[in-house]
1. Kindly evaluate Ile141 against the criterion of being among the hydrophobic types (A, V, I, L, M, F, W, C) and surrounded by fewer than 17 Cβ atoms within 10 Å (Cβ to Cβ).
2. Count, please, the residues in the stretch 68-96 that happen to be of a type outside the set (Gly, Ala, Ser), in contact with a Lys or Arg (Cβ under 8 Å, 6 or more places away or on another chain) and not in a loop (DSSP other than H, G, I, E, B).
3. Taking the condition of being assigned to a helix (DSSP H, G or I) and within 31 Å of the chain's Cα centre (by Cα), how many residues in the stretch 8-43 meet it?
4. Among what's in the stretch 27-54 and is of a type in the set (A, V, I, L, M, F, W, C) and at pLDDT 95 or above, pick the residue that is nearest to Ser246 (Cα to Cα).
5. Just one of (1) assigned by TED's automatic domain parsing to the domain that holds Leu11; (2) more than 23 Å from Val200 (Cα to Cα) trips up Asn225, so point out which.
6. Suppose we keep only residues that are of a type in the set (Val, Ile, Thr) and crowded, with 22+ Cβ neighbours inside 10 Å within the stretch 260-317. Which one would you say is nearest to Val183 (Cα to Cα)?
7. Conditions: (1) under 20 Å from Tyr112 (Cβ atoms); (2) in a loop (DSSP other than H, G, I, E, B). Ser313 meets all but one. Number of the miss?
8. What number goes with the only condition from (1) under 18 Å from Ser306 (Cα atoms); (2) free of Cβ contacts under 8 Å to residues at least 60 places away in the same chain; (3) in contact with a helix residue (DSSP H, G or I) (Cβ under 7 Å, 6 or more places away or on another chain) that Glu155 does not pass?
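The values are calculated or read from the model by the stated rules, or taken from the named source; none is laboratory data. The model shown is predicted, which means the values in this text are computed figures rather than measured ones. In this analysis, Cβ positions are derived from the backbone assuming ideal geometry, glycine residues included, and neighbour counts consider all displayed protein chains.
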Amino acid sequence: MRGNKLHKDTLVIHEGYDDKAHHGSLTTPIYQTSTFSFESAKQGELRFSGEEAGPIYSRLGNPTVHVLEERMKMLENGKGALAFGSGMAAVSTVLVHLTKSGDHILCTRGIYGCTFGLLSIMEEKYNITHDLIRMGTEEEIEKAIKPETVCIYVETPINPTMELVDLHAVVNVAKRHGLKVVVDNTFSSPYLQNPLTIGVDFVLHSATKYINGHGDVIAGLLVGNDKDEMDKIRMSAQKDYGGIISPFDAWLLIRGLKTLPVRMERHTSNAEKLLAYLKNHPLVEQVFYPFDEDNPQYEIAKRQMSAGGGLISFTIKGGRDEAQHFMDSLSLIKIAVSLGDAETLIQHPATMTHSVVPEEKRLAMGITDSLIRLSVGLENADDLLADLAGAFEKMKVTEVNTNI
């Protein structure tokens, strides 16, 4: 049984792998090799010409990597998938593929700090410009499109403000203007959101995060809705640019994907418990979470996501000093700039992940000095709540001592 007869929770364990072709090995083997030998010179000729399928050289394709790509293609309902050595390799690959000198990229007003850095390099070196806008309505998107615009780049939920973008609205505008749409789906994972089914052209992931889920690999993934275009990207990005993933890292992602459904359910249930606590704490000013019923974008979240996921952002009373004091007062929750791990992680975007963004633009994105991003892990929720409560209590003590 394969394809539509099986649920994705099952396919995420089995898709793309036939143990009979690998000596009955239950686990996908790691083909830790740089090259593959041919049975004859003629076979080598046929494979290089594309007339015969089969491995040639691991920069051009590897059996372990192939399993990962097939599994991700299924999860995102795509026609082709490519694995990379980092999430930024996936971002740079698709943007380089879609643009040339003089083109324009329209982006959500909030984007990952290194994506912002890449866009700045593309503008400075290659005159590929970009604009950051809210994308709140179709009219707002339409107004920002220029004659030289070639693609729309979207994060939703946006890192780290958790602001949502209505993908149906973006796709509607893009189709009217013949533009490609790229969505960074890292925060949701393919378990909670599938932008390609809405009409998006490309979906990418920092696979370091939820896809892997164990904090022990750096990787990226790109999935597209056009097989021929994905094959073209493969030949440029991997054959010529060389932005490939190692077989061992691919194997780690295959392992991580097997537990993606159960992990995402636990991340979400824990986040919902912490959300209820943070919303009612007197030292918290605002909380940002997609499936918060008080979130003005809650209806958008319900239309394009199946659950809220494991990320919460919130602002604390005060500024940078108070935010850092709160973080330093935690003991179980780790200060680290990643997400999607088994461990709960916390970071201060203004001075960490988005410190590269100039202050004026950072504030326009909604990234204030009091904003904190919390990646809720798989621990017992009661232990996490106790850690948060202890940190808030230390803040209260400091506040009292300061006022004496």
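1. The answer is no for Ile141.
2. Count: 4.
3. Total meeting the criteria: 8.
4. This residue is Ile30.
5. Among (1) assigned by TED's automatic domain parsing to the domain that holds Leu11; (2) more than 23 Å from Val200 (Cα to Cα), the lone unmet condition for Asn225 is (2).
6. Only one residue tops the list, namely Ile312.
7. Status for Ser313: all satisfied but (2).
8. (3)
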